[in-house]
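Scroll down for the structure; my scribbles are underneath it.
A short reminder: the numbers here are calculations on the coordinates, not readings from a lab. Just so it is clear, the model here is predicted, and its values are computed rather than measured. Methodologically, a virtual Cβ is constructed for each residue, glycine included, from the backbone with ideal geometry; neighbour enumeration extends over all protein chains shown.
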Amino acid sequence: ICPEVQEEIDEFMASFRKLDLHYKIVSKTGEGTFSSVYKAIDLRYDNYINEWDLDERTAEYYSPRSKRQRLNQAKEKKVKYVAIKKIYVTSSPQRIHNELELLKDLTGSKNVVSLITAFRHLDQVIAVMPYFRHVDFRDYFKKLSISEIQLYMRSLFTALKFVHAKNILHRDIKPTNFLYDCAKSRGVLVDFGLAEREENEGVCPCTRARGAPPKPVAPVGGYPKNDQRPSKRANRAGTRGFRAPEVLFKCARQTTKIDIWSAGVILLTFLSKRFPFFNSPDDIDAIIEMATVFGRAKMRACAALHGATFETGIPTISEKGHSLSRIVEWATSRTKGDPLSSEEKRALVFLEKTLDLDHRKRLSATEALNDPFLTIIGP
Ligand code: ADP
Ligand code: MG
């Protein structure tokens, strides 16, 4: 550990009363927008091992060795690592409460992180979860074969099926929130900091609530002036590049399908070998990026679904857009001698169904898991 991180860990341990009785931090494993996450040994588990190891019946197995050796061996085998998420004190109490409460509801899937316990000392809250060994996405996203990508996506959609069945939207599906162990082909979904419960099912109220569909306001040399239309507000929490079109168009009733879109963006990243694939800092630019791929016609239809209009004067945005196959061919510089393989084509057929601009037609997690691409793994 570098001295700065060690100092940070020492400071944290000293500031949190009695935490060192329970855990010994060994390293810092991650840092997000709202937290720092540390890898730690669960000392209570360790104590449990001490007692267990002194048990006479167990000791028989190790009779030729000293007690010290026995203890060390037991510890090595049984040491339990946890991830301690230190949620920044600047997060609102409601936000922290929401994250912990949802985590508590989400126990029971091997692809979704579970909460072991949580502590508060003064204004500081920490969540303790099992530690998952994983590889940094940037180290493997260009290397995975199609069958490995299938296993990754199966793991991710299994997590989403579980979460969505509880009517919870994750809202922040992206590689850093899905910890993947390539060796074991297993992934675990983490970070429910932005997650929320889905509002009652029903039609998207975007168009209905606002009466007559909005009259298009022609963009005469820039943004329309004196725009009389009421402004829209909607939850747009998430990460740039992974937001679904209905989030960008400020749909008031977003569904679990926003997570499917983000999972599709991850698949597009694998196939195009470009990360991040979409990268616009603001929503308008993100809509433009999307339009560059999908074309004006589909963007207009999607906007209308959410009571919005889509108009642009940018000449590079074509009416019909491009197929995702073409996008992947361009991104990976294919030539006639190096065409897309049949496995890649199968992946692209599936990709089209997860990246449907119309959330109603987009696959659900259950449908994705029943799709041939995720049921028949391998060529
Ligand atoms: P944030 O809300 O700040 O994004 P996350 O819950 O996403 O926090 O955690 C940040 C990072 O910490 C993750 O991207 C990951 O690298 C690491 N991390 C989180 N939970 C675990 C865990 N259970 N096991 C191992 N590493 C974890
Ligand atoms: Mg995160």
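Report the normalised scattering of the stretch 272-362 as log10 I(q)/I(0) at q = 0.11, 0.13 Å⁻¹, calculated by the Debye formula with identical scatterers on the alpha carbons.
-0.36, -0.50
In nm, what is the difference between 0.36 nm times the number of residues separating SER323 and LEU340 and their Cα-Cα distance? Provide the component values of the computation, followed by the final result.
On the way: separation 17, 0.36 × 17 = 6.12 nm, distance 1.35 nm.
This chain segment gains 4.8 nm when fully extended.
Give me the one-decimal nm value for the distance between modelled label points at SER145 and ALA183, 7 Å along each residue's Cα-to-Cβ direction.
1.9
In sequence order, what are the phi-derived ³J(HN,Hα) couplings for the stretch 241-249 according to the Karplus relation 6.51 cos²θ - 1.76 cosθ + 1.60 with θ = phi - 60°, rounded to whole Hz, with x for glycine and proline?
x, 10, 6, 5, x, 5, 6, 5, 8
Between ASP283 and ARG236, what length comes free when the chain is fully extended (0.36 nm per residue of separation minus the Cα-Cα distance, one decimal in nm)? Please list the in-between numbers first.
Numbers: separation 47, 0.36 × 47 = 16.92 nm, distance 0.92 nm.
In short, 16.0 nm is gained.
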